[in-house]
Amino acid sequence: MAKWNNHKFKTWLMEIKATSLSQEELKSKAVMFCEDFGEVDKKTISKIVEDFEKEHKRVVANVSNSIFEEMGGQEGKRRGR
């Protein structure tokens, strides 16, 4: 079980600019963020970050669509894009 919530993890990713780091640099920063990452290889950490970012974008898109639909049905959804 993770020792942090999604907001804390997302904030950390933005602070370190994870997308611009090499796998080795990302692993080093990840170990500083949580010692549990010390037991995980650098490719796995990179995959965790990538999967988290994809899921975050998907959730944000779904929420945005729900808000547009609530505010104006399909027409509101189309105009909101």
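Consider V31 against the criteria (1) among the aliphatic types (A, V, I, L, M); (2) at pLDDT 90 or above; (3) not in a helix (DSSP H, G or I): it satisfies all of them except one. Which criterion is unmet?
(3)
Which count do you get for residues in the range 11-25 that are loosely packed, with under 15 Cβ neighbours inside 10 Å and either in a helix (DSSP H, G or I) or of a type in the set (S, T, Y) (or both)?
Of the residues in that region, 8 qualify.
The values are calculated or read from the model by the stated rules, or taken from the named source; none is laboratory data. Note that the structure is a prediction, hence the values are computed from the model and not measured. Cβ coordinates were reconstructed from backbone atoms using ideal geometry, including for glycine residues, and neighbour counts include every protein chain displayed.
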